[in-house]
Amino acid sequence: MTRSDRVRLCAALAYAASLLASQRMAHAADDRTTCSNASDAGQKARDEGHLVKARQEFLVCARDVCPGTIKKDCSDWLTQAEASLPSIVLGAKDTHGQDLATAKVTIDGQPSDEKLEGKAMFVDPGPHTFRFEIPSEKPIDQQIVVREGEKNRAVSVSWEKPADIGSQQPGGATPPPPEPVSKPSHVPAYVVGGIGVVALGVGTAFAIIGTG
């Protein structure tokens, strides 16, 4: 290799090293900006009661690539947010009372991609409306108020039909209601007999008076 070749090689290596350093500095600057923005957004969401969004932002600014002060603050805020975040467990049963994992669920009008597999999911505290849907059945709405810090609250519905097979006649006809059974009189027989004797005596007295 000639001297000029060595000079060109050294120049190329220096340029590559300079370019790599510039890229690293740019990435570091981007990371600092991302971390700072996530920290601000997380605090704002937390103060407005949107704890799910706050947790997502704090996860970003608590990474190792973030500056030390921002990382520490976000780590503390993340711990607090997860302690306050309520969670629910969605569930549904079909017309035979069997667990369903494929029911479609919307939360406050927004479709949810959560599968009904018994796993907990975070939600913001406050009132929520859940709609469960399966083919060929009427949707079921469930309205609840989720409290801050409440964990693993069950939110479930069922399309199970009442057990009425044994109460039907062949052909699906409903049997007529049973005829009412007359209750025996509880008035003693001697009371009834006494009333008859008194009535007979009164009739005889009126007959004598009439004859006189």
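Taking the conditions exactly as written (in a loop (DSSP other than H, G, I, E, B) and under 28 Å from T34 (Cα atoms)), does D76 satisfy them or not?
Numbers: in a loop (DSSP other than H, G, I, E, B): no; under 28 Å from T34 (Cα atoms): yes.
No; evaluated as a whole, the condition is false for this residue.
Tell me, which residue of segment 74-95 that is in contact with an Asp or Glu (Cβ under 7 Å, 6 or more places away or on another chain) and more than 22 Å from K151 (Cβ to Cβ) is least open to solvent (accessible area, probe 1.4 Å)?
T95
Kindly provide the set of residues from segment 105-139 that are touching a residue at least 40 places away in the same chain (Cβ under 8 Å) and either assigned to a strand (DSSP E or B) or under 24 Å from E48 (Cβ atoms) (or both), ordered by number. Break it down stepwise before answering.
Residues of segment 105-139 touching a residue at least 40 places away in the same chain (Cβ under 8 Å): 122-126, 130, 132, 134, 137.
Once the filter is applied, which keeps residues that are touching a residue at least 40 places away in the same chain (Cβ under 8 Å) and either assigned to a strand (DSSP E or B) or under 24 Å from E48 (Cβ atoms) (or both), segment 105-139 yields F122, V123, D124, P125, G126, F130, F132.
Does segment 121-135 hold any residues that are farther than 13 Å from K104 by Cβ and either open to solvent by 30 Å² or more (accessible area, probe 1.4 Å) or under 11 Å from the mean Cα position of the chain (by Cα) (or both), and which are they?
Narrowing segment 121-135 to residues farther than 13 Å from K104 by Cβ: 121-129.
M121, F122, V123, D124, P125, P127, H128, T129 - these are the residues of segment 121-135 that are farther than 13 Å from K104 by Cβ and either open to solvent by 30 Å² or more (accessible area, probe 1.4 Å) or under 11 Å from the mean Cα position of the chain (by Cα) (or both).
The values are calculated or read from the model by the stated rules, or taken from the named source; none is laboratory data. No experiment lies behind these values; they were computed from the predicted model shown. Cβ: placed from backbone, ideal geometry, glycine included. Neighbour counts: every protein chain shown. Just so you know, the surface numbers come from the protein's heavy atoms only, side chains and all, with ligands and any DNA or RNA stripped out. Shrake-Rupley method; radii C 1.70, N 1.55, O 1.52, S 1.80 Å.
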